[in-house]
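A.B. asks: Starting off with a structure, shown below.
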Amino acid sequence: MESLVGLGHGFLIAFTPENLYYCFVGVLFGTVVGVLPGLGPLGGIAILLPVTFKLSPVTGIIMLAGIYYGAMYGGSTTSILMRIPGEAASVVTCLDGYEMSRKGRAGAALFISAWGSFIGGNVSILGIAFMAPLLARFALRFGPPEMFAIMALALLLLSYLGSGPVLKTVGILLLGLFLGTVGMDAMTGYMRMTFGIMTLSDGIGFIPVAMGLFGVSEVLVSLQDEEVKKVIKPKLKELLPNREEMRRSWGPIFRGSFMGFFIGLLPGAAHIVSSFASYVMEKKLSKRPQDFGTGCIEGVAGPETANNAAAGGAMIPLLSLGIPSGPAPAVMMIALMIHGISPGPLLMTQEPDVFWGVISSMYVGNVMLIILNLPLVGLFVNFLRIPFRLLFPCILIICMIGIYSVNGRIAELWIMMISGGVGFIMRRFNFDIAPLVLALIIGPMMELAFRQSLMLSAGDLRIFFQGPICLSIAVVMGLIVFGYFFRLMFIGKPADVCREET
Amino acid sequence: MKTDRMGYGILLVVAAVGLGFSISMPFGDLQQPGPGAFPTFIASFLIIVSAIGLLSSWKIKNACLGWHQFWGGELKVVFKVMIVVAVAIYFFEALGFLLITALFLSIAFGWISGFRPVVAIGLGAAGGLCAWLFFVKLLQVPLPEGILG
């Protein structure tokens with residue numbers, strides 16, 4: 001009942017003209033960002049972050065959330081029409097979506113993708129509305145040891161479920177945690193590895209690092225590949241799927257919604273994992289698994305639904321625990337913090353307008369997206385005609401403006417540039433960069449919780465295994481580690497240890 | 001040279017340097033951990049992980065990415081981009097946002113994208129003006145005015 005009242009209150013906020021306008025701007029920009037290869041949801045959010053400074057916190061976060069799930073929608077368009085995934089979660093949609101396009105069913109694939117995304121998005125929003133308050137209330141019982149344990153679990157899951165090899169992900173996570181220790185020590189005021197640079201006393205800024213790793217390095221990588229691919233243009237009259245396609249899509253959409261939502265709760269590349277998991281599940285459940293990869297509607301409906309549901313699910317840890325589950329929610333967390341709002345268990349009671357306004361605006365945004373995506377698909381595809389050599393200087397200058405406008409510090413622009421170079425090298429060495437960004441933001445919180453816990457227990461490390469919450473988390477972590485080594489020893493090493501790219 | 005080996009090698013060096021800095025900070029004790037405790041713990045763990053990675057990468061027979069590909073023509077473009085970005089950052093406050101945006105775009109379009117100089121300057125000037133109108137006038141983002149201020 002409380003959730004329904006909260007949702008009602010949220011709708012009153014979401015339906016103000018200003019919030020509707022910025023929600024529209026967010027989903028429109030997000031769709032464009034999702035369509036353009038090379039600019040993911042994080043880049044899009046970071047670019048428009050300065051715009052939110054002039055807005056109220058709730059309006060700003062509504063716009064940023066709009067970019068986030070708009071990009072998820074947009075990513076599927078290029079996968080289906082060009083076999084170019086606009087963002088990583090849409091990779092699996094290429095398999096059957098593009099094949100459907102080649103068979104003249106592009107319109108149906110786009111419709112099912114948009115419809116599935118809409119259903120998945122709405123299921124996850126309902127999930128947030130009912131689960132986030134429960135989790136937030138539960139999280140009020142968390143002390144420093146519980147917070148440390150849950151963050152350690154988040155990082156462990158990130159290593160295990162990440163898109164790269166486990167050892168590399170762990171290495172990058174640790175590097176991120178280490179970089180998170182740079183700056184003034186929160187407990188003693190001691191300057192750590194600042195080398196006399198004042199900007200570093202606040203720590204290595206998350207935004208410049210994220211923009212460098214995701215924006216600048218993406219530009220550097222994309223500059224190497226400017227192949228122009230053929231675009232299959234769908235006709236409006238072919239947009240509606242036939243009865244058989246609709247019938248076959250319901251199951252994958254239903255399963256994808258729930259699977260995506262729950263995978264979305266996990267940290268890391270949840271939206272990517274969810275789309276692959278849904279594809280595998282649909283293939284296993286199908287009576288005609290051999291049809292997958294040849295233009296099977298289930299191969300589009302399931303993954304597209306799942307990745308949008310995961311995007312919604314990812315908002316739960318952010319809003320109720322104050323722990324971002326991925327780089328894009330982390331930028332949203334920064335945006336809230338710039339406005340003086342700390343996401344976490346108290347957000348719902350202290351800032352109900354933000355909490356419920358954002359959730360309700362996601363419904364509105366989903367409706368806007370389905371209206372935008374279907375008739376305007378031809379228009380969005382035209383963005384791909386802009387040559388990258390014309391686009392990249394604009395992306396770089398927008399990145400610089402975005403970073404400078406946050407704190408007005410030139411040093412942060414240098415951090416962005418260095419991070420861009422480092423990100424480029426890391427990508428060339430097949431390291432996944434997302435965990436570094438996430439660890440950089442979780443690191444200081446984790447250290448604080450770690451030290452507070454030890455002070456509470458007078459140095460007794462058993463505090464991390466005492467109490468039902470810590471103990472349960474420790475058991476789960478133990479099982480994950482055991483499962484990984486079991487798989488390594490008895491089933492074999494994962495194939496992704498070394499990706500053959502030559 | 002294998003990229004995996006090189007990647008873990010760099011990580012190991014970074015971790016060793018990090019550990020060097022960390023141990024120079026007050027460590028404290030378990031009851032009252034000092035500012036050096038957490039970084040030391042993390043850097044040590046990173047050394048172990050990168051060392052394991054380095055050792056395991058020796059077993060991999062095939063190179064993930066050849067050096068010739070990594071250091072080939074692509075790095076030239078990367079260097080060009082980095083130089084233009086570095087120059088833009090260096091003069092960002094001195095020259096001001098409008099001028100530096102126009103210059104940055106002109107140089108990037110001309111030197112990296114390969115447009116003719118007249119086209120590059122035209123695009124740069126137009127881009128700079130659009131950015132100024134959008135960010136400064138419309139969104140009122142505080143950006144340096146530099147010599148035009």
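All of the numbers you see were taken from the coordinates with simple rules; none came from a lab. Model, not experiment: these values are computed from the prediction. FYI the Cβ positions are ideal-geometry reconstructions off the backbone, even for glycines, and counts take in every protein chain you see.
A.B. asks: Give the order of A:206, A:383 when sorted by the count of other beta carbons within 10 angstrom, beginning with the fewest.
C.D. replies: Lowest count first: A:383, A:206.
A.B. asks: If each DSSP helix of 4+ residues adds -39,500 (n - 2.57) and the sum is divided by the residues in chain B, what number results at 222 nm, nearest 500 deg cm²/dmol?
C.D. replies: Rounded to the nearest 500, the figure is -21000 deg cm²/dmol.
A.B. asks: Taking one equal scatterer on every alpha-carbon of the protein assembly as shown, how large is log10 of I(q)/I(0) by Debye at q = 0.06 1/Å?
C.D. replies: Results for the protein assembly as shown at q = 0.06 Å⁻¹ read -0.32.
A.B. asks: Given the C-alpha centroids of the stretch A:140-203 and the stretch B:116-145, what is the distance between them in whole angstrom?
C.D. replies: 38
A.B. asks: Please compute the length gained on full extension between residue A:386 and residue A:485, using 0.36 nm multiplied by the number of residues separating them and subtracting their Cα-Cα distance.
C.D. replies: Length gained, residue A:386 through residue A:485: 30.9 nm.
A.B. asks: Just to confirm the filter: which chymotrypsin sites (Phe, Trp or Tyr not before Pro) across the stretch A:102-197 are DSSP coil and have at most 15 other Cβ within 10 angstrom of their Cβ?
C.D. replies: Passing both the DSSP loop test and the Cβ count: A:190, A:195.
A.B. asks: Compute the FRET efficiency between residue A:201 and residue B:51 as 1/(1 + (r/R0)^6), taking r as their Cβ-Cβ distance and R0 = 45 Å, and round to the nearest 0.05.
C.D. replies: That gives a FRET efficiency of 0.90.
A.B. asks: Local charge sum around residue A:433 (other residues, Cβ-Cβ under 13 Å, Lys/Arg +1, Asp/Glu -1)?
C.D. replies: Neighbourhood net charge equals +1.
A.B. asks: Let me spell out the model: positive unit charges on the Cβ of Lys and Arg, negative unit charges on the Cβ of Asp and Glu, origin at the Cα centre of the stretch A:30-124. What dipole size does that give, in debye rounded to 20?
C.D. replies: 160
A.B. asks: Taking the Cα atoms only, what angle lies between the long axis of helix A:352-373 and the longest principal axis of chain A, rounded to 10 degrees?
C.D. replies: Its long axis makes an angle of about 20 degrees.
A.B. asks: I've got another one for you. Return A:5, B:77 ranked ascending by Cβ neighbour count within 10 Å, so the fewest neighbours appear first.
C.D. replies: Exposure proxy ranking, most exposed first: A:5, B:77.
A.B. asks: Sorted from fewest to most neighbouring beta carbons within 10 Å, what does the list A:416, A:131 look like?
C.D. replies: A:131, A:416
A.B. asks: For residue B:28, which sequence-distant residues (separation of 5 or more, or a different chain) have an amide H within less than 5 Å of its own amide H, given hydrogens modelled in the peptide plane?
C.D. replies: B:34
A.B. asks: Give me the one-decimal nm value for the distance between modelled label points at residue A:250 and residue A:280, 7 Å along each residue's Cα-to-Cβ direction.
C.D. replies: 2.8
A.B. asks: Using a cut-off of under 16 Å, list every residue of the stretch A:441-474 whose amide N is near the label point 7 Å from the Cα of residue A:187 along the Cα-to-beta-carbon line.
C.D. replies: Label zone hits: A:443-464.
A.B. asks: Something else now. With runs of 4+ DSSP H residues as the only contributors, calculate the mean residue ellipticity of chain A at 222 nm using -39,500 (n - 2.57) per run, divided by the residue total and rounded to the nearest 500.
C.D. replies: -22500 deg cm²/dmol
A.B. asks: Please give me the summed charge of the neighbours of residue A:260: other residues whose Cβ is under 13 Å from its Cβ, Lys and Arg +1, Asp and Glu -1.
C.D. replies: Once all neighbours under 13 Å are counted, the net charge is -1.
A.B. asks: Here is a further query. If amide H atoms are built 1.01 Å from N in the plane of the peptide, which residues on other chains or at least 5 residues away come under 5 Å of the amide H of residue A:192?
C.D. replies: Those lying under 5 Å, H to H, from residue A:192 are A:183, A:184, A:185.
A.B. asks: What are the membrane-span-like helices in chain B by this rule: whole DSSP H runs, Cα extent along the axis at least 27 Å, mean Kyte-Doolittle hydropathy at least 1.6?
C.D. replies: B:37-57, B:74-95
A.B. asks: Additional query: To the nearest 20 debye, what is the magnitude of the charge dipole of the protein assembly as shown about its Cα centre, counting +1 on the Cβ of each Lys and Arg and -1 on the Cβ of each Asp and Glu?
C.D. replies: The calculation lands at about 1600 debye.
A.B. asks: List nothing, just return the count: lysine pairs in chain A, 8 or more apart or interchain, with Cα separation under 28 Å.
C.D. replies: Lysine pairs meeting the criterion: 13.
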